[in-house]
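What follows is a single structure, written as structure tokens, with notes after it.
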Amino acid sequence: MKTLFFLLFSILTFSQQTKSVDFLKCDAHIQPDETDKSISGSIIYEFKVKSEIDTIRIDAKNMKFEQVLINGKEVKFVNNEKELLLFEGYKKGKNKLTFNYSATPKQTLYFTGDFSNGSGQIWTQGQGRYTSHWLPSFDDVNEKVIFNISFEIDHRLGFYFGFSNGNMIPEKIKRKRMRPTYAFIYEPTNSVYKFKMQKPMSSYLVMLAIGNFEKQETKSKSGTPLEFYVDYRDKDKFEPTYRYSKQIFDYLEQEIGVKYPWKIYRQVPVRDFLYAGMENTTSTIFAQDFVVDSIGFNDKNYINVNAHELAHQWFGDLITAQSGTHHWLQEGFATYYALLAEKEVFGEDYFYNELYDYALQLRSAAKTDNFPVMNEKASSLSFYKKGAWALHTLREDIGAKNFQKAVKTYLKKYQYKNVVTDEFLAEVKKVVKAFDTENFKKTWLETAGFDMVLAESYLVKNKSVAAYIQLTKEKKDLENYKAILESETYFPIKQYIFYKLANTPFEDKKELIEIGMQQNLYVRQAIAETVTKIPLEFKAQYETFLEDASYQTKEIALVNLCKNFPEDKQKYLRKTYKIFGNNDRSLQITWLSLAIDSEEDEFIKGNMYHELLEFSSNKYESSVRQNALEVLLKINPNDVNVIASLFKATTHHKWQFTKFSRDKIRELLKKPDFRSKVEELAKTDDEATKALYEKFLKE
């Protein structure tokens with residue numbers, strides 16, 4: 001009951017504040033410090049008191065404050081480590097609040113890499129309501145403010161560069177004419193970068209990114225500056241990483257029907273980002289895993305995430321859902337418009353195949369997912385993919401032009417404001433008066449589960465997916481499969497055939513494989529995956545997979561060839577030597593595991609093992625470390641170096657990686673030899689390390 005009261009009190013407090021106080025603008029000058037992973041700064045808030053209020057609240061997690069002034073006069077305040085509470089010094093009308101603050105955030109502001117060798121990065125992820133961990137701001141998404149951020153980068157960091165939201169404002173430096181002198185003393189100064197917004201946004205969209213970046217730039221068809229960044233070591237990956245980016249931008253601006261609402265758009269990848277991407281206003285941050293070369297592009301590209309985060313600049317940034325109940329207005333729209341953008345790039349068959357895949361995921365999840373889209377407890381799958389499906393049926397039912405008209409008036413009417421579902425549906429109703437918006441809302445947004453029969457009625461409009469659905473429902477013989485493989489049918493259907501026949505003897509599907517080998521690399525990959533026992537007659541053809549433009553296919557082929565033909569293992573290892581593969585180095589790590597297994601020279605073997613240990617260290621991203629640890633735990637789980645790396649992984653900021661390491665530790669501690677090694681490692685004078693080991697030993 002106490003918890004419920006506090007929750008209701010918090011909601012009422014926020015509601016009261018937004019009705020009584022408008023925070024108009026924030027000018028923040030901040031300085032992150034990579035040495036102790038802290039941040040400090042000075043803040044100026046301009047706010048307007050509309051009606052009497054006893055306490056004004058600013059969210060601020062575990063921060064310290066000094067020199068708190070309102071309208072130039074020092075005031076008393078309360079800092080309860082969650083909020084800065086102000087209760088005197090302000091008047092009705094406009095006010096100015098200034099203060100200094102400092103914090104050492106445990107989340108939201110991240111310091112990654114090694115700043116001494118140029119690989120360090122500082123970046124934020126404030127999704128939802130977490131910006132208040134590094135910047136005094138507002139967890140309530142309904143409190144929209146114009147944020148102008150300036151920050152300093154220590155001169156010792158050399159070529160490091162950073163940015164925030166909005167346009168960069170050049171520094172004007174006045175220099176006095178001086179007499180020449182015989183002595184010159186150079187005093188290095190910090191670099192200062194200033195960024196200015198012109199329109200308000202929710203606090204969770206404020207961002208900061210600092211690193212050793214390279215930049216390329218262009219302009220959209222409408223003249224918006226587009227800036228693309230990569231880590232300085234990845235400058236040869238600009239084109240495949242940002243392929244189709246300008247086309248996507250131009251398409252979405254035209255399809256949405258409302259000009260891009262901000263003055264600039266930039267994108268930057270960072271290492272060990274928590275999610276695929278984040279749509280900070282004007283400045284998207286995304287995961288380093290999407291930085292690829294031309295081969296890696298075929299395995300994992302940035303296009304969908306690129307389009308999704310860009311769509312959020314309208315749906316989420318320009319207009320923002322009032323609460324979690326209406327979260328689909330952001331994620332459903334961004335997911336659907338990303339699919340439309342991919343349709344523009346890859347075609348209609350791709351678009352419908354993706355919709356079908358979404359439908360299959362939703363049907364499967366419906367067995368346990370009991371929350372409808374319009375419920376703040378709904379799963380991400382519902383918000384994103386069922387929300388997208390709802391919009392697809394709406395667009396199909398009322399027509400693309402009417403859909404575009406409704407979206408356009410909706411965005412124009414509520415720009416820079418917060419919205420609820422009924423406000424969007426009201427705009428639909430104005431455009432198509434005969435459309436039953438209440439039935440649509442009930443069917444797609446207020447009912448749990450997923451109606452696959454209804455979804456298929458929309459999917460079968462595409463011949464390729466209609467054939468795919470038919471194939472999954474009917475028994476086919478080899479002649480039918482042959483006809484499909486020889487046709488112009490979209491390739492996922494052809495992939496499906498080989499996955500379906502995975503356990504069929506090679507001789508029985510030999511003719512189909514011969515046809516499939518002439519198809520695109522994705523059909524070939526399905527063959528590589530499913531033919532795990534390679535007949536001698538197929539060996540030469542199977543070896544061609546090592547030449548495919550896919551690191552995933554190369555890895556699958558390398559493993560299967562070495563397993564089936566151990567006498568030729570060295571030949572295959574030589575052929576794939578020094579191919580690093582994708583960002584997670586999966587191919588390289590697999591290569592090392594195979595090479596170690598067959599290497600007879602103990603010195604060379606030791607060097608390879610050491611290389612794997614390096615990959616498991618904090619010098620590398622979590623995706624690399626996890627791949628290396630999985631291999632090392634198979635080779636030598638009781639190696640104290642491997643155990644140390646595994647335990648260090650539990651302190652990482654990325655929850656997916658820490659979950660992997662914690663689960664592995666708990667599983668292995670059931671084995672006496674492993675537990676004994678951990679107990680020995682716990683006998684250390686380093687109290688932090690000792691506590692880490694003992695935490696798991698005591699479970």
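Does Gln656 count as within 30 Å of Asn583 (Cα to Cα) and surrounded by 17 or more Cβ atoms within 10 Å (Cβ to Cβ)?
no
In the set Glu488, Glu507, which member is of a type in the set (Asp, Glu), assigned to a loop (DSSP other than H, G, I, E, B) and out of contact with any helix residue (DSSP H, G or I) (no Cβ under 6 Å at 6 or more places or on another chain)?
None of the others qualify; the one that does is Glu488.
Out of curiosity, is Val642 open to solvent by less than 30 Å² (accessible area, probe 1.4 Å), within 26 Å of the chain's Cα centre (by Cα) and β-branched (Val, Ile, Thr)?
For Val642, the condition - open to solvent by less than 30 Å² (accessible area, probe 1.4 Å), within 26 Å of the chain's Cα centre (by Cα) and β-branched (Val, Ile, Thr) - is not met.
Select, from Ser364, Ser379, Ser323, the only residue that is open to solvent by 10 Å² or more (accessible area, probe 1.4 Å), more than 29 Å from Pro492 (Cα to Cα) and among the hydroxyl-bearing types (Ser, Thr, Tyr).
Checking each option against the conditions leaves just Ser323.
Are there any pairs with C-beta distances below 6 angstrom linking a residue in the range 372-389 that is part of a loop (DSSP other than H, G, I, E, B) to a residue that is among the small types (Gly, Ala, Ser), with the two at least 6 apart or on different chains, and if so which?
Close Cβ pairs satisfying both conditions: Pro372/Ala448; Val373/Ser382; Val373/Gly387; Glu376/Gly324.
Can you find a residue in the range 257-266 that is open to solvent by 70 Å² or more (accessible area, probe 1.4 Å) and in contact (Cβ under 8 Å) with a residue 12 or more places away in the chain? Don't jump to the end; show me each part of the working.
From the range 257-266, those open to solvent by 70 Å² or more (accessible area, probe 1.4 Å) are 259, 263; that's our starting set.
Subset that is in contact (Cβ under 8 Å) with a residue 12 or more places away in the chain: 259, 263.
Scanning the range 257-266, I find at least one residue that is open to solvent by 70 Å² or more (accessible area, probe 1.4 Å) and in contact (Cβ under 8 Å) with a residue 12 or more places away in the chain, so the answer is yes.
Could you tell me whether any residue of the range 302-312 is out of contact with any Asp or Glu (no Cβ under 9 Å at 6 or more places or on another chain) and either of a type in the set (Gly, Ala, Ser) or farther than 29 Å from Lys235 by Cα (or both)?
no
Which fully enclosed helices (runs of 4 or more DSSP H) of the range 558-643 have 2 or more residues being without any contact (Cβ under 8 Å) to a residue 40 or more places away in the chain and of a type in the set (D, E, K, R)?
In the range 558-643, 569-575, 602-615, 622-635 are the helices (runs of 4 or more DSSP H) which contain 2 or more residues that are without any contact (Cβ under 8 Å) to a residue 40 or more places away in the chain and of a type in the set (D, E, K, R).
Do the conditions hold for Ala341, that is, is it hydrophobic (A, V, I, L, M, F, W, C), in contact (Cβ under 8 Å) with a residue 12 or more places away in the chain, touching a Phe, Trp or Tyr at 6+ places or on another chain (Cβ under 9 Å) and crowded, with 22+ Cβ neighbours inside 10 Å?
The answer is yes for Ala341.
How many residues does the range 32-84 contain that are exposed (fewer than 15 other Cβ atoms within 10 Å of the Cβ), of a type in the set (Val, Ile, Thr) and either within 22 Å of Gly128 (Cβ to Cβ) or touching a residue at least 24 places away in the same chain (Cβ under 8 Å) (or both)?
So the answer is 1.
For Phe603, work out the one condition from (1) under 30 Å from Phe111 (Cβ atoms); (2) open to solvent by 40 Å² or more (accessible area, probe 1.4 Å); (3) hydrophobic (A, V, I, L, M, F, W, C) it doesn't fulfil.
All conditions are met except number (1).
A quick yes/no check of all residues on (1) among the acidic types (Asp, Glu); (2) part of a helix (DSSP H, G or I); (3) surrounded by fewer than 14 Cβ atoms within 10 Å (Cβ to Cβ):
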residue	(1), (2), (3)
Leu411	no, yes, no
Tyr416	no, no, no
Asp422	yes, yes, yes
Phe440	no, yes, no
Trp444	no, yes, no
Gly449	no, no, no
Ser464	no, yes, no
Ala467	no, yes, no
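Mind checking whether some residue in the range 108-122 is aliphatic (A, V, I, L, M) and under 30 Å from Gln288 (Cα atoms)?
Yes.
Among the residues of the range 269-277, is there at least one that is at pLDDT 95 or above and in contact with a Leu (Cβ under 7 Å, 6 or more places away or on another chain)?
There is no residue in the range 269-277 that is at pLDDT 95 or above and in contact with a Leu (Cβ under 7 Å, 6 or more places away or on another chain).
Suppose we filter the range 121-151 for residues that are at pLDDT 95 or above, surrounded by fewer than 20 Cβ atoms within 10 Å (Cβ to Cβ) and in a loop (DSSP other than H, G, I, E, B); how many remain?
1
List the pairs whose first member sits in the range 299-320 and is in contact (Cβ under 8 Å) with a residue 60 or more places away in the chain and within 13 Å of Gln267 (Cα to Cα), whose second member is of a type in the set (Phe, Trp, Tyr) and open to solvent by less than 10 Å² (accessible area, probe 1.4 Å), and whose Cβ atoms are under 8 Å apart, counting only residues at least 6 apart or on separate chains?
Tyr302/Phe286; Asn306/Phe286; Leu310/Phe249; Leu310/Tyr265
Of the residues Lys648, Lys670, Lys683, which single one is modelled with pLDDT under 95, open to solvent by 60 Å² or more (accessible area, probe 1.4 Å) and either over 30 Å from Lys300 (Cβ atoms) or of a type outside the set (A, V, I, L, M) (or both)?
Details: Lys648 fails: modelled with pLDDT under 95; Lys670 fails: modelled with pLDDT under 95.
Selected residue: Lys683, the only one of Lys648, Lys670, Lys683 that is modelled with pLDDT under 95, open to solvent by 60 Å² or more (accessible area, probe 1.4 Å) and either over 30 Å from Lys300 (Cβ atoms) or of a type outside the set (A, V, I, L, M) (or both).
Between residues in the range 88-110 that are open to solvent by 70 Å² or more (accessible area, probe 1.4 Å) and at pLDDT 95 or above and residues that are assigned to a loop (DSSP other than H, G, I, E, B) and hydroxyl-bearing (Ser, Thr, Tyr), which pairs lie under 9 Å by C-beta distance while being six or more apart or on different chains?
These pairs meet every condition: Lys92/Ser51.
Please go through the range 201-219 and give me each residue that is among the aliphatic types (A, V, I, L, M) and out of contact with any helix residue (DSSP H, G or I) (no Cβ under 6 Å at 6 or more places or on another chain), ordered by number.
Within the range 201-219, Met201, Leu205, Met207, Leu208, Ala209, Ile210 meet the criteria.
Test Tyr232 against the stated conditions and say whether it is surrounded by fewer than 21 Cβ atoms within 10 Å (Cβ to Cβ), hydroxyl-bearing (Ser, Thr, Tyr) and either closer than 24 Å to Ser294 by Cβ or in contact (Cβ under 8 Å) with a residue 12 or more places away in the chain (or both).
Here the answer is yes, as Tyr232 does meet what is asked.
I'm checking my understanding of the structure. Among residues of the range 517-549 that are assigned to a helix (DSSP H, G or I) and in contact with a Phe, Trp or Tyr (Cβ under 6 Å, 6 or more places away or on another chain), which one is surrounded by the fewest Cβ atoms within 10 Å (Cβ to Cβ)?
Tyr522
When you look at Lys401, is it charged (D, E, K, R) and either open to solvent by less than 20 Å² (accessible area, probe 1.4 Å) or touching a Ser or Thr at 6+ places or on another chain (Cβ under 9 Å) (or both), yes or no?
Taking the combined requirement at face value, the residue does not satisfy it.
The values are calculated or read from the model by the stated rules, or taken from the named source; none is laboratory data. It should be emphasised that the depicted structure is a prediction, and the values quoted were computed from it without experimental measurement. Reconstructed Cβ throughout: ideal geometry from the backbone, glycine too, with neighbour counts over all protein chains shown. Accessible surface is based on the protein model in full, side chains and every heavy atom, while ligands, DNA and RNA are left aside. Shrake-Rupley method; radii C 1.70, N 1.55, O 1.52, S 1.80 Å.
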